[in-house]
Amino acid sequence: MTGLTERLTSPWLDLLLPLSLSGLLWERSGNPAGMVLILAIWCGLKFLRWLPVEPVYGVLVGVLVVSLSAVIHPISGSAPTDLIVVLLAFAAGLKQSKDQWRVGLWLILATVIVSLPFVEFDRFNSNLTAIPWSVVRDVLPQEAVRIQRITINRTGYLYGLFALVGYGLFVSEIRPWLSRLAAVVAMLSFVLALGAASRAAFLFPLAAVIVTELCWRNRQWVARRARSLAAFVLVLSLLFNLALYWPGSPIVAEEPSDVGRAQVAQCFVSQSLSSLPDLLMGQGYDRVSDHCAKKVFLPGRSSGIPHAHNVFLHALADQGLVALILMLMAVWLVFQRLFLGLAGEAESLCRTGLACALFILAASLVESTLLKTSLQQVISGYLLAIAWVAPTPSKQENFRTIG
């Protein structure tokens, strides 16, 4: 039993994350069954490592098994399993040591290389207009990249997140050749994010690195003010969304697609406020989405927008205010722990975690990033668990002695 437990606690289990893309070999889909099954096996094995000492992980295995068929055969665009998968992946990453996370992050970064055979080209890549040199623009592919049938925005989200994982390994690796390797793969991932024609995937990684570096250079000051800074992140996020979605906002007035997204967000809010029970407990899945899709259309499209382009508004409509408040509390706690961790024993790991958390939050404010694709749900939830990195055995022993 001890040998089995040791194998289950091996960080090499994370090799299943990049290998999950092999499910695309058998099914052209944005969320193929083979990929979902491999991710489910990964999650289940992660839970089994703690089962001998934490019986509650047996309950999580049960939740995973019960949810599996609903993930493979969804009956609605948004479903309870979307957030359940994120939560299960988060639970799978709890209590991991710094060494386990180091190996795990390298295996997550390897997903960039594994994904290359599945890259396809789609519509025109509007991000190329951000490149000021015409010579460079002409050399690059003019079409947007995507991972087979995974949507362009979700492809960009994944590559943006992988780029930040590579950034974290680049600045934390002691061996120069490993640091350079991480930098090369991170740059490749960022180029692919740029190629996905998603503005968020292009701009948010840069913003996340800038903010993370500012926090890192002032980490003692940041750690002392972790609670207030975490609250400030939430307030700033709210103000950002108000600036985007407030009726008549000058930020979106000149861009028809942004106006359409703002109108969808306004529709989601108005429907959520239609009655007190619906506000508190939500209206179920796709009811608000279907209503707003019949009212708001993006330019050049005959079908409406089927989601809120905002994770938090989508949760408010589907699951209600209670669920939204819990999500915001969870986000606050993640940032508080990461800010504290910048001055702790896992400071380099928390530096990586902070960059990833900033990107996940920023993308959640403009995209429904947690719908449909299980790989991005799993990667997102898993990386947020960095905030709960386990202390080293010596530290645990000190805590036990003090107690």
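Are any residues in region 25-47 at pLDDT below 90, hydrophobic (A, V, I, L, M, F, W, C) and surrounded by 15 or more Cβ atoms within 10 Å (Cβ to Cβ), and if so, which ones?
Ala33
Given (1) of a type outside the set (A, V, I, L, M); (2) open to solvent by 30 Å² or more (accessible area, probe 1.4 Å); (3) in contact with a Leu (Cβ under 8 Å, 6 or more places away or on another chain); (4) modelled with pLDDT under 90, where does Thr401 come up short, assuming only one miss?
(3)
Going by the conditions given, is Val259 assigned to a helix (DSSP H, G or I), without any contact (Cβ under 8 Å) to a residue 12 or more places away in the chain and farther than 18 Å from Gly353 by Cα?
So Val259 fits the description; yes.
Look through region 224-269, keep the residues that are farther than 14 Å from Gln336 by Cα and of a type in the set (Ser, Thr, Tyr), and return whichever of them is modelled with the highest pLDDT.
Ser237
Any residue at all in region 13-34 that is of a type in the set (A, V, I, L, M, F, W, C), in contact (Cβ under 8 Å) with a residue 12 or more places away in the chain and in contact with a strand residue (DSSP E or B) (Cβ under 8 Å, 6 or more places away or on another chain)? Don't jump to the end; show me each part of the working.
Kept after step one, since they are of a type in the set (A, V, I, L, M, F, W, C), are these residues of region 13-34: 13, 15-17, 19, 21, 24-26, 33.
Narrowing the set further to residues that are in contact (Cβ under 8 Å) with a residue 12 or more places away in the chain leaves 13, 15-17, 19, 21, 24, 33.
Of the ones still in play, those that are also in contact with a strand residue (DSSP E or B) (Cβ under 8 Å, 6 or more places away or on another chain) are 21, 24.
Within region 13-34, one or more residues are of a type in the set (A, V, I, L, M, F, W, C), in contact (Cβ under 8 Å) with a residue 12 or more places away in the chain and in contact with a strand residue (DSSP E or B) (Cβ under 8 Å, 6 or more places away or on another chain).
Return the residues of region 88-129 that are open to solvent by less than 60 Å² (accessible area, probe 1.4 Å) and at pLDDT below 90; say none if nothing qualifies.
Matches in region 88-129: Val119, Glu120, Asn125, Ser126, Asn127, Leu128.
The values are calculated or read from the model by the stated rules, or taken from the named source; none is laboratory data. Everything numeric here is computed off the predicted structure, so don't read it as measured data. Positions of Cβ are backbone-derived with ideal geometry, glycine not excepted, and every protein chain shown enters the neighbour counts. To get the accessible areas, we keep the full protein, side chains included, count just its heavy atoms, and leave off ligands, DNA and RNA. Shrake-Rupley method; radii C 1.70, N 1.55, O 1.52, S 1.80 Å.
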